Amino acid sequence: MRILLVNMPWALIDVPSLGLGILRNAASRALPDAEIEVLHGNLEYVDWIAEREDAFGVGDYHYYSLETYFAGVGDWVFTSALHGVPEWRVEEFTAQASFRGPRLDATVRLHRRSPEFIAHLTEQILGFAPDVVGFTSTYQQNAAALATARAVKAAAPHVTTVLGGANCDGEQGAAIHRNFPFVDLVARGEGEAAFPEMLRALAGDGTLGAVPGLCWRRPDGTSAVNAMSARPLPPAAIVGPNYDGYFDRLDRSVARDWVEPKLVVEGARGCWWGQKHHCTFCGLNGSFMEFRSKSPSVFRDEIFDLVRRHRVLDMFVVDNILDMNYVTSLLPMLIESGYDLRLQYEIKSNMRLGQLTTLAQAGLVNVQPGIESLSTRVLKIMDKGVTGCQNVRMLRDAATAGLSVAWNYLYGFPGETPEDYEPIVEQFPALHHLPPLDGVYRIAIERFSPYFNKPELGFGELRPARQYRLNYDLPEEELLGLAYIFEAAPQGIDERLGDRLRAAVDRWQREYHLSRLSYVDLGTEIVLVSRRRSFDWSVLRLEDPVEVAAFRLLDQPHRPAVLAQKLAADGADPARVTEAAVADLLDRWVRLGLLFTDAGQFVHVVPVAGNQELIRIAIAEPELEEVAV
C-alpha cells in the first residue's frame with residue numbers, strides 16, 4: 001500500500017507537522033511493508049507563489065496563517081479552488097474585509113490563483129501513485145485540504161481520500177463527511193490507533209465500521225459515523241513523530257531564508273487544570289480533556305533522538321499545560337544533558353520564581369502562561385484559578401528568570417464591568433518594564449468550551465462565525481456542525497473601553513524597550529533603579545528595616561492587614577505597623593510605581609537586577625536622581 005500524507009497551507013512553515021509525523025510512525029509500525037511519505041504542501045505553496053508574486057514574503061504567509069485566523073482569510077483564499085469558481089464571493093469578501101489597499105488586492109489575487117496551485121499540487125500527489133492520500137486539517141487548512149481532496153478524487157477516483165486533524169474533531173468531522181462526498185474517510189479523535197486500524201481495514205484486514213471515530217461511506221454513498229472512543233489514549237500509547245524529509249525540503253525552499261526551523265515535540269495531552277476547572281472560553285482540548293503525560297525518561301529520549309537526528313536545538317512543546325512533575329524530573333535531565341536547547345512551553349501562571357528559574361536553566365526561552373487578564377474578578381469569571389496579582393508576579397519573575405512571555409488580554413465576559421478594567425489600565429505605566437502583551441481581543445466562542453456547551457453561562461444564541469457563511473455553500477444547520485468559532489451577542493464591556501484598553505497596550509508595547517526597573521538586596525538596604533517615563537525618580541534606597549521587610553514580603557501578594565501582622569510578628573514596633581500605617585506605605589509605593597494592586601492585594605513589580613555590579617555602577621552615576629523616602 002502506498003500512502004501519502006499531505007500538509008497543506010496555511011500550516012506553519014518553520015516546523016514540521018506533528019500530526020503527520022505521528023501518523024507516519026504509527027502507520028509504519030502497523031504496516032511495515034507500506035510505503036509512506038509526507039508531502040509538505042505548505043512549502044510547495046511558498047515556492048509556487050513566490051515565483052508568481054514577487055513581493056510575497058514571510059510576513060504575508062504569517063498573515064494568512066496566523067493573524068487572520070478568526071476572520072478565516074487564509075481559508076477564503078482557497079475557496080475558489082474548493083468550489084470551482086475563480087471569482088467565488090469576491091464581492092462579498094471585499095465588502096466584509098477589515099482591510100483595504102495592497103493587502104486586499106493581494107488577497108484577491110491569491111484567491112484567483114489558488115485553482116492553478118491546487119492543480120499543480122494534485123499532479124505532484126498523483127505522481128506518487130498513492131492508494132491513500134491523507135490530509136491534516138487544523139486552523140486555516142480546511143479549504144485548501146478540501147480543495148485538493150476534490151481535485152484528487154476527480155482525477156483519480158480509485159484513490160482513497162482521508163481527512164483528519166483538529167478541524168475534524170467530533171461533530172465537525174461528521175459534518176465534513178456529510179457535505180463533501182469527495183472525502184472518503186474522516187478520522188476523528190486521536191489517530192495513533194485508529195489510523196493504522198483504518199489502513200488495515202482498507203487492506204482487507206478488518207472493517208471500517210469497527211474503527212473508533214471513523215466516518216466512512218456505505219455502498220450507496222451515504223455517510224456512516226462510528227462512535228468515538230470513550231477513553232483517551234494512555235501515555236504509553238502516544239507515538240513520537242517521524243520528521244524525515246521536512247528539513248531537506250525546507251533547505252530546497254525559498255522559505256529557508258525566511259525562518260529558522262524548529263522541532264515540534266509533545267510530552268502530554270489534555271489539561272490537568274481543565275479537568276478540575278475548565279476555563280470558560282477555552283476549546284483547545286477538543287474531545288479529550290483528560291491529562292496524560294509521557295514518562296520523563298521517554299520524553300527526554302524523544303527530544304534527544306530528534307535533536308541528534310536533525311541537528312536542531314530550537315523546539316516548540318505543544319502541550320497545553322506543563323506537567324508540574326516535569327519540573328523535578330524531566331527538566332533536570334535536560335539541564336544535565338549539555339544541549340543548548342531553546343524551548344517554548346505553555347505553563348500555569350501561578351508558578352514561582354524558583355520553578356521559572358529551573359525552566360530557564362533547562363533551555364526554555366519563551367513561556368505562554370495563559371495570563372489573559374490582570375483582574376481577579378474577570379479571572380474568576382474565566383475560572384482561571386489565579387489572581388491578578390499572581391499574574392503580575394508571573395510577569396515580574398519571568399523577567400528575573402530571563403524568560404520572554406507570550407500573552408494576550410481578553411475581554412467580553414458575561415458579568416464583567418468597567419470597574420474590572422479601569423483601575424487595571426491606570427496601573428499599566430508601572431508595568432511598562434515587564435513583558436508586554438501581544439494584543440487585546442474580545443473573546444470568540446469556541447466549540448468544546450463551557451461557553452459553547454452551557455448557554456446558561458451567558459451566550460445563549462450562537463451562530464457560526466461569518467467566515468463559515470462566506471467560505472462554504474452550506475445551510476446554517478450544517479455550518480453549525482462544521483464550525484469551530486461562533487458568534488453571539490456581545491457581553492461585558494463595550495468597544496469604547498475595549499479601544500481604551502488597546503490604546504494602553506499600544507503604549508506599553510512602545511515603552512517597553514525604553515523602560516527599566518530592578519532592585520538589588522544588599523542585606524541592610526534594598527536599592528532600586530528605575531527608568532520609566534511615567535515616574536520621575538531614578539534611584540530609590542529602602543534603608544528603614546520595616547520598609548526592607550515589607551518589600552521582601554511583597555514578593556508575594558498580600559492584603560494590608562496580613563502584611564501588618566507579619567511585620568509585627570517579625571519584630572517590628574507595633575506602633576509602626578498598624579494597618580493604617582501599612583496602608584499609607586503601600587499607597588506611597590503604588591504612586592512610585594513599585595506595586596500593583598487588585599482585589600485588595602498588593603505585590604511588588606520589581607525584577608531582581610540581572611547584574612548586581614552593574615546596578616551598583618548605575619547608582620553611582622551622578623546623572624541619576626535619587627528620590628527621598
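Ordering PRO16, SER530, PHE291 by Cα displacement along the dipole of the chain toward the positive end leaves PHE291 in first place; charges were set at the Cβ atoms of Lys, Arg (+1) and Asp, Glu (-1). Within the chain, the longest run free of trypsin sites (Lys or Arg not before Pro) that sit in a DSSP loop with at most 16 other Cβ atoms within 10 Å is 353-532. Computed from Cα atoms, the angle from the helix 41-52 axis to the main principal axis of the chain rounds to 90 degrees. Farthest toward the positive end of the dipole of segment 333-403, out of THR357, LEU341, GLY385, is the Cα of GLY385, where the dipole comes from beta carbon charges about the Cα centre. I need the chymotrypsin sites (Phe, Trp or Tyr not before Pro) found in segment 252-330, filtered to DSSP loop residues with at most 12 other beta carbons within 10 Å of theirs. Loop-located and lightly packed - none at all.
Only Cα pairs under 8 Å and 6+ residues apart enter the sum, and on that basis the relative contact order of segment 255-326 stands at 52 percent.
Within the accessible area of the chain, what % is carbon and sulfur when the probe is 1.4 Å and the other protein chains stay in place?
51
Dipole check for the chain: with +1 at the C-beta of Lys and Arg, -1 at the C-beta of Asp and Glu, and the Cα centre as origin, the magnitude is about 660 Debye.
One compactness figure for segment 216-364 is 1.25, namely its Cα radius of gyration divided by 2.2 N^0.38 Å. Binning the alpha carbon pair distances of segment 77-160 at 10 angstrom intervals from zero yields the distribution 17, 44, 27, 10, 1, expressed in whole percent. Against the chain, whose longest principal axis comes from its Cα atoms, helix 579-591 is set at around 60 degrees. So what is log10(I(q)/I(0)) for segment 534-584 at q = 0.27 1/Å, when the Debye sum runs over its Cα atoms only? Cα-only, vacuum Debye calculation for segment 534-584: -1.05. Rg and Dmax of segment 225-290, based on Cα coordinates, read 17.4, 47 Å. A helix-only calculation puts the chain at -12000 deg cm²/dmol for mean residue ellipticity at 222 nm, using -39500 (n - 2.57) for each DSSP H run of at least four residues, averaged over all residues. Computed over segment 119-265, the quotient of the alpha carbon radius of gyration and 2.2 N^0.38 Å is 1.11.
Each Cα pair of segment 404-477 feeds into the Kirkwood radius, which the Stokes-Einstein equation turns, at 20 °C and 1.002 mPa s, into a diffusion coefficient of 138 µm²/s. The mean of 1/r over all distinct Cα pairs in segment 430-539, once inverted, gives the Kirkwood hydrodynamic radius of 18.0 Å. Of the GluC sites (Glu not before Pro) found in segment 449-548, the ones in coil according to DSSP and having at most 10 other Cβ atoms within 10 Å of their Cβ are GLU461.
Relative to its Kirkwood radius, the Cα radius of gyration of segment 1-60 gives an Rg/Rh of 1.11.
Computed on the Cα trace of segment 190-302, the radius of gyration divided by the Kirkwood hydrodynamic radius gives Rg/Rh = 1.06.
Global size of segment 36-113: 12.9, 44 Å for Rg and Dmax (C-alpha atoms, Rg to one decimal, Dmax whole). Tilt of helix 296-310 relative to the longest C-alpha principal axis of the chain, in degrees (0 to 90, nearest 10)? Around 70 degrees separate the two axes. For the chain, the list of Cys residues with no other Cys C-beta under 4.7 Å reads CYS168, CYS215, CYS271, CYS389. When the alpha-carbon atoms of segment 156-241 are used, the pair Rg, Dmax equals 12.6, 39 angstrom.
Residues in the chain average 41 Å² of solvent-accessible surface per residue, probe 1.4 Å, ligands and nucleic acids excluded.
Here the Kirkwood formula, the inverse mean of 1/r across different C-alpha pairs, assigns segment 127-177 a hydrodynamic radius of 11.3 Å. Expressed as a fraction of 2.2 N^0.38 Å, the C-alpha radius of gyration for the chain is 1.06. If contacts are Cα pairs under 8 angstrom and at least 6 residues apart, what is the relative contact order of the chain in percent? The normalised contact order for the chain reaches 11 percent. Rounded to the nearest whole Hz, the Karplus-based 3J(HN,Hα) values (6.51 cos²θ - 1.76 cosθ + 1.60, θ = phi - 60°) of segment 146-153 follow the sequence 5, 4, 6, 4, 4, 5, 4, 5, with x at glycine and proline.
The values are calculated or read from the model by the stated rules, or taken from the named source; none is laboratory data. This structure is a prediction, so every number in the text was calculated from the model and none was measured. We place every Cβ from the backbone using ideal geometry, glycine too, and count neighbours over all the protein chains shown. Areas reflect the complete protein model, heavy atoms only, side chains present, ligands, DNA and RNA absent. Shrake-Rupley method; radii C 1.70, N 1.55, O 1.52, S 1.80 Å.
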